Amino acid sequence: MKKYILPSLKLTIVMVVLLAVIYPILIAAVGKMAPGEGAGQKLVVDGKVVGYALVGQKFTDDKYFQGRPSAVDYNAAGSAGSNKGPSNPDYLQVVQDRIDSFLVHNPGVKKEEIPAELVTASGSGLDPDLSPAAAKVQVKRIAAIRSLDAAKLTALVDQQTAGPFLGMFGPAKVNVLQLNIALDKLK
Amino acid sequence: MNTELTGVVVTFLLSVLLAFPLGRYIAKVFRGDRTITDFMNPIEKFIYRICGIDPARKMNWKEFLKAMLTINMLWFVYALFLLIFQDKLPLNPDGNPGQTPDLAFNTAISFLVNCDLQHYSGESGVTYLTQLLVMNFLMFVSAATGIAALVGVLNGLKEKTTNSLGNFWSIFTKTITHILLPLSIVTALILVFNGTPASFDGKDTITTLQGDTVQVSRGPAAGMIAIKHLGTNGGGWFGANSAHPLENPNYFTNMVEMIAQLIIPIAMIFALGFYINRKKMAWVIFGVMTVGMLLLLIPTLNWEIGGSPAIAKLGVAQPMGAMEGKEVRFGPAASGFWSIMTTIISTGSVNSMHDSSMPLSGMMQMLGMMINAFYGGCGVGILNYLIYIIIAVFIAGLMVGRTPEFMGHKVEAREVKIAAIVTLFSAFLLKAGVALAAYYVAHHPEMDWAVKPGSWLNNPGYHGFSEMLYEFTSANANNGSGFEGLGDNNIFWNVSTGIVLILSRFIPIIGPVAIIGLLANKKYIPASPGTLRTDSMTFGMMTFAVIIIINALSFFPALTLGPLAEYFSL
C-alpha cells in the first residue's frame with residue numbers, strides 16, 4: 001500500500017495548491033479589471049448605492065414596476081425557488097391569490113392579460129427581469145398613480161427592453177431595478 | 001423559428017463543433033504528441049518530480065485501480081475533516097457554522113464522486129475556504145479521475161494484447177494540466193467579465209431603491225462555476241445554482257455554461273475514435289447517444305413551452321410557457337434544454353427548478369439519469385455505455401450462435417457477469433433506496449427523528465413520490481440535481497444517499513476497467529467475415545434497443561407511480 005499512499009499524498013498537496021489556491025487567486029486578480037472589480041456590479045443613484053445590477057429586488061409599492069414573486073422574498077443572503085410541483089393544490093391556491101391581488105391593484109386589467117411569469121415564483125428567487133409583456137401590463141396602474149401619460153410609460157419599457165442576445169438567441173427582458181430607476185427620473 | 005428555439009439549436013451545434021477538435025486534441029495529449037498546451041509541460045514534469053512519480057511506469061488494471069482508489073480515499077478523509085471544522089478555520093467572512101457529521105459525510109462523498117448532490121445551501125452551509133479547498137478542488141480531481149479511468153480503458157483497447165492500462169497518476173496529471181485547467185481559466189474569465197463575482201469580499205448589505213435592507217451573498221465563485229460545468233460536476237456556489245443571477249448572469253453566459261458542460265463528454269467520444277483509431281465506431285456511438293438525447297429533449301421542450309395545464313385553468317396567459325421555477329432571461333426553451341442536458345451528462349447543475357417542471361419533463365430528466373449514458377459524465381459516460389455494449393455484444397452473440405467478440409477479444413462469461421452485475425446493481429440501489437424512503441413516509445410519518453418522515457416532502461401525492469424517486473435517481477447516477485423541495489438535510493437522506501453515491505460511482509468504474517483489463521489480456525483475433533462488427537449502424541441500433549429494454553424493465557413501474565400518475569391526474 002505504501003507504494004500508493006505516498007505519491008497520492010504528495011500529488012494531493014500539489015493539486016490543492018494549484019487548483020484551490022493559485023487558480024482562484026488568478027481569477028480574482030484578473031477579475032479586478034472586470035466591471036465592479038469582480039465583486040458584483042452596483043447601481044448608483046445620486047451617489048447612493050441602490051442595489052446590484054444583476055440581483056432582483058422586492059418592489060411592493062404600487063408606484064413601481066413589480067418583479068416576479070420570490071420564494072426567498074428577494075433577500076439575496078440566500079436563494080431558492082418555491083419547488084412547488086405543478087399539481088400541488090396549495091400552490092395553485094397561492095397562484096390564484098396572486099392573480100386576485102393583481103386584479104385588485106390593477107383595475108382595468110383583464111385576467112387573461114396577465115402573463116404567468118408575474119404570478120409564478122422564479123428559480124432563484126432573485127430574478128432581476130420581467131418579460132416586456134409583464135412590465136407593460138402594469139403601465140396603466142403606474143400611470144394613474146404617478147399621473148403620467150401611459151404612452152410615455154410604454155415607451156420607457158420599450159426603451160429599457162433588452163432584446164434577444166445578438167438579436168437572435170433567447171427571450172427579450174426588462175431589468176426591473178433599472179426600469180424603476182429610469183421611472184423615478186421621468187418627469 | 002423563434003429566438004428561444006434558435007438559441008437552443010445553436011448552443012447544441014456550437015458544442016458539437018467545438019467538441020470535435022477538442023476530441024482530436026485530447027487524443028493527442030494522451031498519445032504524447034505536440035499540442036498547443038506544451039507550455040504546461042514544465043509544470044507537469046515539476047509535479048512528477050516532487051511527487052516521485054515515474055510517468056513511464058505501466059500499471060496493469062489492478063494496480064491502476066489501486067492507485068485510483070487510494071487517492072480517492074485520501075480525498076474523502078481530507079474533505080470530511082475540512083467540512084466539519086470549517087467554522088474554526090480561516091476565510092469564513094459570513095461566519096457560517098461547521099457541518100454536522102452526517103451532512104459532511106454526504107457532502108464529502110458527493111463531491112468526491114463527481115455528483116455534487118447538495119444538502120446544504122452554498123450561501124450558508126459552507127465557507128469560502130471549503131468552497132475552494134473542498135468543492136473547487138474535488139470538482140477538478142473527480143472529473144480527472146473519470147477521464148483517467150476512460151483513458152485507461154482505451155489504453156487497454158488500443159493494443160492487440162496488453163496487460164497495461166498506462167500510468168494512472170500520469171494520465172490524471174495530464175488531464176488536469178492540459179485539459180481541465182486551461183479550459184477552466186478561459187471559462188471563468190468569460191463569466192467574471194459578464195458579472196459573476198470572483199473577489200473574496202463577504203456578504204454585502206444594501207438598501208434597495210424602495211428602502212428595504214437586504215444582504216447579497218458573493219465570493220470567489222467564477223472559478224468554481226467554470227470547473228463545475230467543464231468537469232460535469234454541477235454543485236453551485238449559490239443555493240439556486242445556475243438559476244442564480246450572479247452564477248449565470250445572462251443568456252450568453254447560459255450558452256457558455258451549457259457548452260462548457262457538453263463539450264468534454266462529447267469530445268471524449270471523438271477522442272475515443274482518434275485515440276484507438278476507430279473513428280467509425282465513435283460516430284456510431286455519437287449517433288446513438290444523440291438520437292437518445294433528442295428523444296428526451298424534444299418532448300420536454302414541447303411541454304415546457306406549452307405551459308402548465310393547471311395554470312392555464314386559472315385563466316392567465318402563458319406567452320412564454322411554464323414559468324414556475326424558471327428565470328425570465330433564459331425562458332422555458334433554454335431551461336427545458338438545460339434540464340435534459342444536465343441530467344443525461346451527469347452535471348446536475350440547474351438553471352431552473354426541476355421540482356416545478358411539468359410532470360413528464362420531470363420523467364424525461366429522471367430517464368436521462370437512469371440511462372446515464374447519452375453522452376454521460378466526464379469519461380464515465382462512455383464507461384457506462386461500454387457496459388451496454390458488452391451486453392449488446394452478448395445478446396447479439398446468442399442470436400447468431402457465436403462466441404461474442406469485442407474489438408478482437410472473446411467476451412466470455414466473466415466479462416458478461418461483471419457487466420450484468422453493474423447494470424442490475426445500479427437499478428437495485430436506486431429502487432431499494434426509494435422503497436425504504438417511501439416506506440417511512442407511508443408507515444412511520446411520525447417517527448421520532450430530527451426531521452419526521454412526514455415532513456420530508458414539499459408536495460403531496462404523486463409528486464411527493466417523484467421527489468424521493470428523483471433524489472435516489474440523482475444519487476445513483478452521480479448527477480447531483482434534485483427535486484429540491486425534498487427536506488434532505490437529515491440523517492436518513494444524508495446517510496442513505498451517501499452510501500448509494502459511493503457505490504454507484506466506483507462499481508461502474510471498477511466494472512468496465514476490469515472487463516477491459518481482462519479482455520486486453522486475451523489473445524487478439526483478427527476480424528473475419530463472420531465477426532460481429534461493433535462499428536456498424538446495425539450494432540448501434542442493437543445497443544440502443546438494449547438500453548431501452550434494460551431501462552424500461554428496470555424503471556417503468558417506478559415512473560408510473562410518480563410522474564406518469566401526476567401527468568394523468570393534472
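The values are calculated or read from the model by the stated rules, or taken from the named source; none is laboratory data. Just so it is clear, the model here is predicted, and its values are computed rather than measured. Neighbour counts run over all protein chains shown; Cβ positions are idealised from the backbone, glycine included. Quick note on the areas: whole protein, heavy atoms, side chains included, nothing else; ligands and nucleic acids left out. Shrake-Rupley method; radii C 1.70, N 1.55, O 1.52, S 1.80 Å.
Things to note:
- Nearest 10 degrees, 0 to 90: helix B:181-192 Cα axis against chain B principal axis: 20 degrees
- Extreme residue, positive dipole direction of the protein assembly as shown, given options B:Ile344, B:Ser242, B:Trp456 (C-beta unit charges): B:Ile344
- Inter-probe distance in nm under a simple model that places probes 7 Å from Cα toward Cβ, at B:Met447 and B:Leu295: 3.6 nm
- Calculated [θ] (222 nm, deg cm²/dmol) that DSSP helices of n ≥ 4 give over chain B, each run adding -39,500 (n - 2.57): -20000 deg cm²/dmol
- Tilt relative to chain B, helix B:251-275 - C-alpha long axis, 0 to 90 degrees, to 10: 10 degrees
- Every Cα-Cα pair in region A:28-166 was counted, and those over 23 Å apart are 44% of them.
- Alpha-carbon centroid distance for the pair region B:38-86 / region B:500-570, whole angstrom: 30 Å
- A straight Cα-to-Cα reach below 19 Å connects A:Lys10 with the lysines A:Lys2, B:Lys45, B:Lys66, B:Lys174, residues fewer than 8 places away in its own chain not being considered.
- Angle between chain B longest axis and helix B:461-476 axis [Cα atoms, degrees, rounded to 10]: 40 degrees
- Accessible surface of region B:3-569, 1.4 Å probe: 67 percent of it comes from carbon and sulfur atoms.
- The alpha carbons of the protein assembly as shown stretch over 88, 55, 54 Å along the principal axes, in descending order.
- Helix runs (DSSP H) in chain A reaching 18 Å along axis by Cα, Kyte-Doolittle at least -1.0: A:2-15, A:89-105
- Orientation-averaged projected area, Cα convex hull of region B:78-117 (nm²): 2.9 nm²
- At least 10 Å² of accessible area lost relative to the chain alone, listed for region B:520-568 with a 1.4 Å probe: B:Glu566
- Charge dipole magnitude, Cβ of K and R +1, D and E -1 - region A:9-97, Cα centre, debye nearest 20: 400 debye
- Put the Cα centre of region B:169-242 next to the Cα centre of region B:111-168 and the gap is 18 Å.
- Averaged over residues, the count of other Cβ atoms within 10 Å places the peptides B:395-404, B:554-563, A:117-126 in the sequence A:117-126, B:554-563, B:395-404, highest first.
- Both chains summed, the buried accessible area for A and B stands near 8100 Å², from protein heavy atoms and a 1.4 Å probe.
- Over 18 Å between alpha carbons, listed pairs A:Lys110/B:Lys313; B:Lys28/B:Lys410; A:Lys84/A:Lys110; A:Lys58/B:Lys313; A:Lys48/A:Lys185: B:Lys28/B:Lys410; A:Lys84/A:Lys110; A:Lys58/B:Lys313
- Residues of region B:2-23 whose accessible area (probe 1.4 Å, heavy atoms of protein chains only) drops by at least 30 Å² once all protein chains are present, relative to their chain alone: B:Thr3.
- Going from the isolated chain to the complete set of protein chains, region B:206-222 loses at least 10 Å² of heavy-atom accessible area (1.4 Å probe) at B:Ile206, B:Thr207, B:Thr208, B:Leu209, B:Gln210, B:Asp212, B:Val214, B:Gln215, B:Val216, B:Ser217, B:Arg218.
- With contributions of -39500 (n - 2.57) from each DSSP H run of at least four residues, the per-residue ellipticity at 222 nm computed over chain A stands at -12000 deg cm²/dmol.
- Taking every alpha-carbon pair under 8 Å whose residues sit at least 6 apart, region B:3-569 reaches a relative contact order of 19 percent.
- Net dipole in debye of chain B [+1 Lys, Arg Cβ; -1 Asp, Glu Cβ; about Cα centre; nearest 20]: 2600 debye
- Gyration tensor verdict on region B:457-554 (Cα atoms; rounded if a/c is under 1.5, prolate if a/b is larger than b/c, oblate otherwise): oblate
- Added length on full extension, which subtracts the Cα-Cα distance from 0.36 nm per residue, B:Ser536 to B:Met399: 47.7 nm
- Using a probe radius of 1.4 angstrom, the carbon and sulfur fraction of the accessible surface of chain A is 61%.
- Burial ranking of peptide ranges A:71-81, B:477-487 (average Cβ count within 10 Å, highest at the top): B:477-487, A:71-81
- The mean count of C-beta atoms from other chains within 10 Å of the C-beta of residues in B:130-137, rounded to a whole number, is 4.
- Computed over the Cα atoms of chain B, pair by distinct pair, the Kirkwood hydrodynamic radius stands at 24.0 angstrom.
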